[in-house]
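Some notes on the structure that comes next.
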Amino acid sequence: MNVRERALWLGLTAATLGASAPAQAAPADSPKDARCVERLPSGRSRPPMDERFPERGTAGHVTELVVTIEHLPGERVLPGDLRVEASSLEAQRLERAHFILPDARSVPPRLEREEGDAPRTTLTVPLVPLPPEAGRHELVLPSIPIAMARASGEVFVLCTSEHTITVEDPLTNHPDAPPEPNPEPRRQLEVWATAKEAFLIGAAALVLGALLAWLFTWWRRRPRAAPPPPPPRVPWEVAEEALHDLERAGLVAAGRFDEHFERVADVIREYLGRRYGFDGLECTSRETLRVLRAITPPVAYLPQIKSFLQQADLVKFARLTPSAEECTDFLERARAIVQRTIPSFEPATHSADGSTDTSSTSHETPEAPEPPEEGGRP
């Protein structure tokens, strides 16, 4: 019960006590003579009341008594719940008059207040007429006490007037009305919480799975960095492989001596350029020798390289035709240049002060110098 209901219950209790005091003083054998008695504060006139009650009704159907009271500011109407006990005098008076108050949980009374200079409160009391027998009946609604509270907390009681109502039997127009069967059962809607949660979880899992699948596909198709290229081959391996291919090409057996000389010389020029860090194919013989002389430590096989380049220039530019033996010897000299210029690393040596020298040095097998030959590549 909320605060408003408790206030309405107190108002009804006060009204019931005020109205039933004279009845308790009356003889016990005359309960029908109990009437509602108003109790007003001294100096307070009865406030204007407007009562509306229908003249016709139907047995077993709710009719409403609407009472509008004009009162002073600060005064409040208390009853509105009217949940009286079945043994109370008010309930007995209503039952003797063939009226009952319906359950307030199904049809509650209503209390509406209008504020202003002349406050007004409208109280709507639901009543159900129940005649003792079938047919048309004329019932008299007895006066009902209405409790009001002043701003000081003083409670006074007002009584409604008696009202007459003609009650019709709901089966008046059906003299031989057959009993109606029970209505069809209504469809019950039950929320299946487990299925609802399973559906939501499944939907979320599908969305998440689709998102993960898309992310995985995107990750698989993402541009990837190219693998690092293999380390470059050392120039002496490339040169030896090229000389081996020239030997097996059969240029000497086919009598193509000039082409054999030129291709062997190009292999050595490219090898020297990669071995010592310059473009050997684009340099003349003089430029190649100038670069080789400036290298530190000096190239030990430089005289043989100079002689090799001069012989290649003679065949290419002087139009000399070499023999088969010269072609074979030229190839062997090229192999010797490659073999004698392959770098080797000496083991670590100990210096005089006891420190270890771990620096690697290029070591080439020296050969006896040959006398310089005249001529060269222009």
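Quick note: the coordinates plus some simple rules give every number you see, no bench work behind them. Treat the numbers as computed from the prediction; the structure is a model and nothing was measured. Ideal geometry is used to build each Cβ from the backbone, glycine not excepted, and the neighbour counts take in all protein chains shown.
Things to note:
- Restricting the GluC sites (Glu not before Pro) of the stretch 225-305 to loop positions (DSSP other than H, G, I, E, B) with no more than 12 neighbouring Cβ atoms within 10 Å leaves 282.
- Between residue 293 and residue 35, the modelled label-to-label distance comes to 15.5 nm, taking each label 7 Å out from Cα in the direction of the beta carbon.
- Full-extension gain in nm, residue 68 to residue 96, via 0.36 nm per residue minus C-alpha separation: 7.5 nm
- Length added when fully stretched, residue 46-residue 151, from 0.36 nm per residue minus Cα-Cα: 36.1 nm
- Using a Förster distance of 35 Å, the FRET efficiency for residue 241-residue 221 (Cβ separation, nearest 0.05): 0.30
- Distant-in-sequence amide contacts of residue 58, defined by a placed amide H-H separation under 5 Å and a gap of 5 or more residues or a different chain, comprise 168.
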